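See below for the structure under consideration.
The values are calculated or read from the model by the stated rules, or taken from the named source; none is laboratory data. Bear in mind that the values here come from a model prediction, so they are computed numbers and not experimental data. Methodologically, a virtual Cβ is constructed for each residue, glycine included, from the backbone with ideal geometry; neighbour enumeration extends over all protein chains shown. Calculation scope for accessible area: heavy atoms of the full protein, side chains included, ligands and nucleic acids excluded. Shrake-Rupley method; radii C 1.70, N 1.55, O 1.52, S 1.80 Å.
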Amino acid sequence: MNFEEIPDTTTFPMPPFKSASLLLLLLISDTSFAQDTLPAPTYPPEVKEITYPCPHDQSQQAALFWTPPLQKDRKFPLLVALHTWSGDYRQAGGEVKYAEWCLQQGWIFIHPNFRGPNLSPEAMGSDLMINDIRAAVEWARRSAPVDESRIYAIGVSGGGHATQLLAGRTPEIWAGISSWCGISDIATWHTETTAAGRTNYAKHIEMALGGSPDDTDTTIAEASHRSPLTWLENASSVPLDLCHGIRDGRDGSVPFTHSLNAWNTVVPESARLSPEVIAGFYETLTPPASEAAGLIDPLFGIHVPLFRKTHGNTRVTIFQGGHEIIHNAALNWLAAQKKGQPVNWNPPKIGEVKSTEADRESGR
C-alpha cells in the first residue's frame with residue numbers, strides 16, 4: 001500500500017459576500033480550506049478539503065466537507081462518513097456515494113481522517129481516534145446549520161469497526177448508526193486473519209498495539225479497549241443497524257460472526273444468540289430461525305436478508321453478499337431516523353445512489 005502524505009492546507013482569499021449571515025458563518029469557522037479542493041477526481045467538485053481543531057491534543061485534523069447553501073431558519077441532517085481499515089479521509093470509491101447522497105438530499109457531509117489507516121497507535125479505535133470524530137461533529141455544528149436531531153454515522157469494514165465504537169462510546173450524539181461488516185473484536189480478528197493468511201491485517205493490528213494482542217498485559221488491554229465488544233453494552237439507546245454479508249470471512253476479510261457478537265453485546269440476554277448457534281451458522285451458512293424468513297426488503301434489492309433479528313433500537317441483518325455495503329439500504333434507513341422518535345425499521349425509499357460492485361466492496 002502507498003499512503004501519500006496529507007497535503008498542506010492554505011486559506012482561500014475572502015471573496016465578496018452578498019449574504020452577511022454567510023460571511024459571519026465563515027468568520028467564526030475555525031478551519032482552513034485546501035486550494036486543491038478535489039481530493040479525488042470522483043468526488044463531486046463541491047466537496048472541499050478542510051482541517052478542524054482537535055482540542056484533546058491541540059492538533060489539526062483533515063476531513064472532506066460539504067454543506068448545502070444557507071436557507072433562513074433551516075437546519076440540515078449531518079452525515080459522518082467513515083473510511084475503511086486501510087483508507088484515509090481522501091478514500092474514493094464507495095465512500096464517494098456518501099457524498100453524492102448528501103448533495104442529492106441536502107445533507108451536510110463530513111468525512112474525517114480519524115488518524116488514517118489502522119496501522120499506528122494513534123488509529124485503530126484509540127481514544128484519539130474517537131475524540132477526532134467527536135471533534136469533527138462539534139466543528140460541523142459550529143460551521144453549518146446542523147439539525148441536532150438528525151446526526152448520523154455510517155461505515156463499512158474498518159468504518160464498521162469505528163461506527164460500532166461510536167455507538168458504545170458516544171451514544172448521546174447519534175440519531176442513527178449504520179454499521180456494515182464491522183470488526184467487533186480486535187484480538188479475535190487478529191487470530192482469524194492470521195489463520196486465513198491475511199497477514200497484512202494482523203501486522204496492522206500489531207503495529208497499532210505494539211505487539212500481538214496476546215503478547216503482554218498491555219497489548220491484551222489495548223486490544224480490548226479498541227474493540228467494540230468492550231463498549232457496546234452502552235449502545236442500546238441509539239438506533240443501530242448491524243449488517244453483514246453471509247460470504248464475508250470466506251470471500252471477504254471479516255467473518256459475519258463479528259456482527260452477531262456485536263448484537264449479543266447490545267441486547268439483553270433473553271434476545272441473544274448462543275455461541276453454538278453462531279458457530280453453527282457460520283460453519284454451515286444455514287441461517288437459524290429469524291424474522292428474515294420469507295422477507296423481501298426492497299432497499300436491499302438482490303442482496304436479500306437471509307437472517308434478521310430486531311430488539312428495541314438494535315437490528316442485525318445477514319444478507320446475501322460478501323464484504324460490502326448496500327448504500328441505498330443504509331442511507332434510506334438513516335434518513336428515516338430522528339431523535340425522540342421510535343426507530344423506523346421499514347423506511348420508504350426517498351433517494352438512490354448508483355453504485356457498482358467495486359463501490360460496494362470498497363471496504364478493505
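Some values worked out for this structure:
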| read-out | value |
| --- | --- |
| The stretch 231-266 versus the stretch 141-200: alpha-carbon centroid distance in Å | 10 |
| Matching label, P(r) over Cα pairs in 20 Å bins from 0, in percent computed from the structure shown, candidates (i) 28, 61, 11, 0; (ii) 29, 55, 15, 1; (iii) 31, 59, 10, 0 | (iii) |
| Within the accessible area of the chain (1.4 Å probe), percent carbon and sulfur | 53 |
| GNM result for the chain, Cα springs below 10 Å: residue of THR314, THR218, THR265 fluctuating most strongly | THR218 |
| By average C-beta atoms within 10 angstrom, highest first, the peptides 97-107, 189-199 | 97-107, 189-199 |
| Under 12 Å from the ASP127 label point (7 Å along Cα→beta-carbon), backbone N, the stretch 190-225 | none |
| Added length on full extension, which subtracts the Cα-Cα distance from 0.36 nm per residue, SER270 to ALA293 | 6.2 nm |
| Share antiparallel - DSSP beta bridges, the stretch 206-364, percent rounded to 5 | 50 |
| Per residue accessible area in Å² of the stretch 36-124, where ligands, DNA and RNA are left out and the probe is 1.4 Å | 34 |
| The chain - share of DSSP beta bridges that are antiparallel (%, nearest 5) | 45 |
| Listed residue pairs exceeding 32 Å between alpha carbons, taken from LYS203/LYS309; LYS75/LYS309; LYS97/LYS339; LYS203/LYS354 | LYS203/LYS309; LYS75/LYS309; LYS203/LYS354 |
| Within a Gaussian network of the chain (alpha carbon springs, distance under 10 Å), most fluctuating of PRO228, PRO342, PRO213 | PRO342 |
| Charge dipole magnitude, Cβ of K and R +1, D and E -1 - the chain, Cα centre, debye nearest 20 | 1240 |
| Highest-MSF residue in the chain out of ALA330, ALA135, ALA279 [GNM, Cα springs under 10 Å] | ALA279 |
| Residue (of VAL277, VAL47, TRP263) at the positive-pole extreme of the chain, dipole from beta-carbon charges | VAL47 |
| The stretch 251-333: GluC sites (Glu not before Pro) in DSSP coil with no more than 10 other Cβ atoms inside 10 Å | none |
| Counted charge near SER224, where neighbours are those whose Cβ lies closer than 13 Å (Asp, Glu -1; Lys, Arg +1) | -3 |
| Local net charge near ILE177, Cβ-Cβ under 13 Å (Lys/Arg +1, Asp/Glu -1) | +2 |
